[in-house]
Amino acid sequence: MEYAWWLLPGLSGCIGLMLGLAGVGRLMQLRWIAGGARLATSLGLLGVAGLSSFAGLNLQTYHRLGGERQVATLSFERLADADTYRVILDLPGGERQQVDRLQGDQFALGARIITFARLSQLVGYDSVYRLDYIEGRFADRYQRTGVTAATSTGQKLSDNPGLDVYRLARAQGGRFGIFAARPEAQFGSAVYAPMQEGLAYSVRLTQSGLILRPANDATRALTTGEG
């Protein structure tokens with residue numbers, strides 16, 4: 001029922017238009033009262049259609065611009081080596097992807113995102129994404145005393161077959177209402193959090209980027225400081 005708010009303005013507009021045409025027909029037959037009544041009713045229905053359209057657009061902002069979509073659920077299995085994990089990514093549609101060895105006490109997940117202008121989002125153009133990489137790293141890998149070297153383990157999560165639409169969107173997107181050609185746009189988004197066995201995270205996509213939510217009680221207790 002995502003577009004149910006279009007029903008009232010659409011129905012009112014259609015009926016109003018038909019009554020308007022009928023009213024014009026009556027007036028051409030010199031039936032002033034019947035024609036005037038139909039035209040008045042038509043204008044009223046068209047006004048309702050217009051007002052409900054604007055109200056629907058406003059309500060749609062609360063749904064679309066604040067909506068979230070599931071990207072992946074992450075869980076971890078500790079391996080024999082210290083601070084080394086197997087990561088399981090459960091993706092939408094029942095697909096599962098496995099990363100065999102990530103080392104560290106944190107993971108980072110990144111994605112490429114193409115976003116659309118707000119008006120485009122209102123009429124159905126949701127942000128699209130492609131998972132880019134997953135990385136294992138240590139939280140204390142840097143020091144404040146100066147620039148330090150750090151190593152990490154990671155894996156690319158997708159290939160780039162055919163035409164690179166991401167690069168095309170960055171170069172030409174502004175002509176088509178895509179944020180990719182605008183300097184304030186974000187085309188990459190990443191999340192990171194502690195990595196340990198028993199934790200699970202839900203990675204979700206908003207209209208502006210990735211967010212993390214706890215996917216089980218252990219992760220919820222960690223993020224709230226309980227337990």
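The values are calculated or read from the model by the stated rules, or taken from the named source; none is laboratory data. Just so we're clear, the structure is a prediction, and the values are computed from it rather than from any experiment. For neighbour counting, all protein chains shown are included, and Cβ atoms are generated from backbone atoms with ideal geometry for every residue, glycine included. All accessible areas refer to the heavy atoms of the entire protein, side chains included, with ligands and DNA or RNA removed. Shrake-Rupley method; radii C 1.70, N 1.55, O 1.52, S 1.80 Å.
Which of the residues belonging to segment 200-219 are touching a helix residue (DSSP H, G or I) at 6+ places or on another chain (Cβ under 8 Å) and crowded, with 18+ Cβ neighbours inside 10 Å? If you could, list the steps in order and put the result at the bottom.
Going residue by residue through segment 200-219, those that are touching a helix residue (DSSP H, G or I) at 6+ places or on another chain (Cβ under 8 Å) are 200-201, 207, 214.
Selection gives Tyr201, Gln207.
State whether one or more residues within segment 130-137 are over 21 Å from Pro194 (Cβ atoms), at pLDDT 85 or above and either open to solvent by 50 Å² or more (accessible area, probe 1.4 Å) or among the aromatic types (Phe, Trp, Tyr) (or both).
Checked against the condition, which is being over 21 Å from Pro194 (Cβ atoms), at pLDDT 85 or above and either open to solvent by 50 Å² or more (accessible area, probe 1.4 Å) or among the aromatic types (Phe, Trp, Tyr) (or both), segment 130-137 yields at least one hit.
Residues checked against (1) open to solvent by less than 60 Å² (accessible area, probe 1.4 Å); (2) modelled with pLDDT of 75 or more:
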{"position": "Glu2", "(1), (2)": "no, no"}
{"position": "Leu8", "(1), (2)": "no, no"}
{"position": "Gly35", "(1), (2)": "yes, no"}
{"position": "Ala49", "(1), (2)": "yes, no"}
{"position": "Leu59", "(1), (2)": "no, no"}
{"position": "His63", "(1), (2)": "no, no"}
{"position": "Ala82", "(1), (2)": "no, yes"}
{"position": "Glu95", "(1), (2)": "no, yes"}
{"position": "Asp100", "(1), (2)": "no, yes"}
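Looking only at residues in segment 65-80 that are open to solvent by 50 Å² or more (accessible area, probe 1.4 Å) and part of a loop (DSSP other than H, G, I, E, B), which one is modelled with the highest pLDDT? Reasoning before the result, please.
From segment 65-80, those open to solvent by 50 Å² or more (accessible area, probe 1.4 Å) are 66, 68-70, 77-78, 80; that's our starting set.
Subsequent filtering for residues that are part of a loop (DSSP other than H, G, I, E, B) retains 66, 68, 80.
Details: Gly66: 65, Glu68: 84, Ala80: 91.
Checking each candidate, the answer is Ala80.
Which pairs turn up if I take residues in segment 30-41 that are over 16 Å from Ile15 (Cα atoms) and aliphatic (A, V, I, L, M) and look for partners that are at pLDDT 70 or above and surrounded by fewer than 16 Cβ atoms within 10 Å (Cβ to Cβ) with beta carbon separation below 7 Å, at least 6 apart in sequence or on another chain?
none
Say whether the condition of being touching a Gly at 6+ places or on another chain (Cβ under 7 Å), under 21 Å from Ser189 (Cα atoms) and assigned to a loop (DSSP other than H, G, I, E, B) is met by at least one residue in segment 97-108.
Within segment 97-108 (the criterion being touching a Gly at 6+ places or on another chain (Cβ under 7 Å), under 21 Å from Ser189 (Cα atoms) and assigned to a loop (DSSP other than H, G, I, E, B)), the answer is yes, since at least one residue qualifies.
Write out, first by first residue and then by second, each pair whose Cβ atoms fall under 6 Å of each other, whose residues are 6+ apart or on separate chains, and whose first residue, in segment 140-160, is over 18 Å from Asp100 (Cα atoms) while the second is assigned to a loop (DSSP other than H, G, I, E, B) and of a type in the set (A, V, I, L, M, F, W, C).
As it stands, the answer is Arg141/Ala150, since those pairs meet every condition given.
Would you please name the residue that is modelled with the lowest pLDDT, looking only at residues in segment 151-162 that are in a loop (DSSP other than H, G, I, E, B) and open to solvent by 50 Å² or more (accessible area, probe 1.4 Å)?
From segment 151-162, those in a loop (DSSP other than H, G, I, E, B) are 151-152, 157-162; that's our starting set.
Now restrict to residues that are open to solvent by 50 Å² or more (accessible area, probe 1.4 Å): 151-152, 159-162.
Working: Thr151: 83, Ser152: 88, Asp159: 79, Asn160: 71, Pro161: 68, Gly162: 63.
Among residues in segment 151-162 that are in a loop (DSSP other than H, G, I, E, B) and open to solvent by 50 Å² or more (accessible area, probe 1.4 Å), the one modelled with the lowest pLDDT is Gly162.
For segment 84-93, what are the residues that are at pLDDT 95 or above and of a type in the set (A, V, I, L, M, F, W, C)?
Val87, Ile88, Leu89
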